[in-house]
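I have placed the structure first, in the form of structure tokens, so that the comments after it can refer back to it.
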Amino acid sequence: MKKRNLVAMATLALAISFVSCKNDKKTEAETPAVEQSTETKKEVVDEHTSQNSLDWSGTYQGVVPCADCPGIDTTIVLNEDGTFTRVLVYQDKADGKFEDKGTFAWDAAGSVITLKVEDKEETKYQVREGALAQLDQEGKAIEGELAEKYLLAKK
């Protein structure tokens, strides 16, 4: 009989200690959350950009859509000194090869370059990991089913 009482009391004591430990854990878990909410929050600023984080200089190639030919073979070489060379070859056109040289400038965010050729319309490209994505005339991403056709892969 004493053995049963001892086992029952031990079980009761163990159950009480589990309940009190469980409550203590909740209190400990809740306390840091209260402390965190009173701390001054710091905004994390990611200073990585395409310009300073990617190996962007080099040769990019692809075939972009053409209104009156099968496509335009496009090669752009970006140089570390901010200059570029662009060769456009209009497929199936007799005199369809054009070469531009000029400079390019980065936007304030460091992710888009603007190719500048004297007396010609500027062209914008988003610099991505291993690719250039041609942007529309407003500097926005080209969307739709042909969007992937405006990507030039780095060689």
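Every number here is computed from the coordinates shown, using simple stated rules; none is lab data. Bear in mind the structure is a predicted one, so any value in this text is a computation, not a measurement. Every residue, glycine as well, gets a Cβ built from its backbone with ideal geometry; the counts of neighbours run over all protein chains shown.
Points to keep in mind about this one:
- Contact map, segment 93-120: residues that are farther than 19 Å from residue 74 by Cβ paired with residues that are hydrophobic (A, V, I, L, M, F, W, C), Cβ distance under 8 Å, separation 6+ or inter-chain. Pairs shown: 105/113; 106/112; 106/113; 107/113; 111/127.
- Of the residues making up segment 121-146, those that are in contact with a helix residue (DSSP H, G or I) (Cβ under 8 Å, 6 or more places away or on another chain) and over 15 Å from residue 76 (Cβ atoms) are 141, 142.
- Each residue in segment 101-135 was checked for being of a type outside the set (A, V, I, L, M), within 24 Å of residue 52 (Cα to Cα) and part of a loop (DSSP other than H, G, I, E, B), and 6 pass.
- Candidate set from segment 89-134 (those that are surrounded by fewer than 11 Cβ atoms within 10 Å (Cβ to Cβ) and within 19 Å of residue 59 (Cα to Cα)); member that is farthest from the chain's Cα centre (by Cα): 99
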